[in-house]
Amino acid sequence: MFALASMFVLMLLASNPMEASRQGRPALTHSSSAAAPVVVVFETELGNIEISVDPQQAPITAANFLKYVDQGFYDGGEFHRAIRPDNEVRSDAPIQVVQARINPARASEGFPPIPLERTSITGLKHLDGTVSMARDVTPTRSGPDTATSGFFICIGDQPSLDDGGQRAPDKLGFAAFGKVVSGMDVARKIQEKPTPKDAPATKLAAKGQTLVPTVKIIRAYRKN
């Protein structure tokens, strides 16, 4: 009887979100059955990039990204930013990425920002080919829950983008939610495209990091 009672208590603790939070564990708020990865194809003017989206480990971020894909927001979008050693302005936390956004003409139609799924919870680290959400890290108005539709692809391992890393002022990192499974050569070609030193700073890029011209996304869609 004692063993059965102990087991019942353990089951309650495992299924109680508040208790899980107190113990530092992610709450079990969704089905424990594995959610299959979803492959998304981005057709760009330089070639195709295929991204495997992980709804099991990053359910909130994956669902948000797929909503933008399914409603055609990335059709007519663009890769607009490339960060490399020759144009990096953050000597304290240098990174190498290429960043994309939805069709600018549809910017006002976007969905509300989503909560940050930290890498320490999801287990998805910023490695070569990792796909992650951009968010507002402006020191005067940064916030962890500011990601909407912009995303980036890591070129090489980028640990400073993980939870606890130095890239974001709040050190909470960025929400990784997938990885490139085909087309990393295209991502590297994008990174090598011109970013004039006199390209002005914008809300989305530091001075000298904007691609001129941008690399157009023809369309994006689910492969499976």
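The values are calculated or read from the model by the stated rules, or taken from the named source; none is laboratory data. Note that the coordinates shown come from a computational prediction; the quantities given were computed from them, not determined experimentally. Backbone-built Cβ (ideal geometry, glycine too); neighbour counts: all protein chains shown.
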ask   = Name the pairs whose Cβ atoms lie under 9 Å apart, with the first residue in region 66-85 and assigned by TED's automatic domain parsing to the domain that holds F151 and farther than 9 Å from K216 by Cα, the second in a loop (DSSP other than H, G, I, E, B) and of a type in the set (D, E, K, R), and 6 or more positions between them or separate chains?
value = A82/E192; A82/K193; I83/R90; R84/E192
note = Just one listed residue, out of P94, P115, P59, P104, is surrounded by fewer than 17 Cβ atoms within 10 Å (Cβ to Cβ) and within 14 Å of the chain's Cα centre (by Cα), and it is P115
message = Can you say whether K203 is in a loop (DSSP other than H, G, I, E, B) and at pLDDT below 95, as far as the supplied structure shows?
response = yes
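Quick grid of which residues meet (1) surrounded by 21 or more Cβ atoms within 10 Å (Cβ to Cβ); (2) within 19 Å of the chain's Cα centre (by Cα):
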| position | (1), (2) |
| --- | --- |
| T148 | no, yes |
| F151 | yes, yes |
| D157 | no, yes |
| G164 | no, yes |
| G173 | yes, yes |
| I190 | yes, yes |
| P196 | no, no |
| P200 | no, no |
| P213 | no, no |
inquiry  = Is it the case, given these coordinates, that V131 is closer than 10 Å to F152 by Cβ and in the same structural domain as F152 (by TED's automatic domain parsing)?
reply    = yes
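Condition check ((1) among the charged types (D, E, K, R); (2) free of Cβ contacts under 8 Å to residues at least 24 places away in the same chain) across all residues:
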| residue | (1), (2) |
| --- | --- |
| S132 | no, no |
| A147 | no, no |
| Q166 | no, no |
| G173 | no, no |
| S182 | no, no |
| I190 | no, no |
| K193 | yes, no |
| P196 | no, yes |
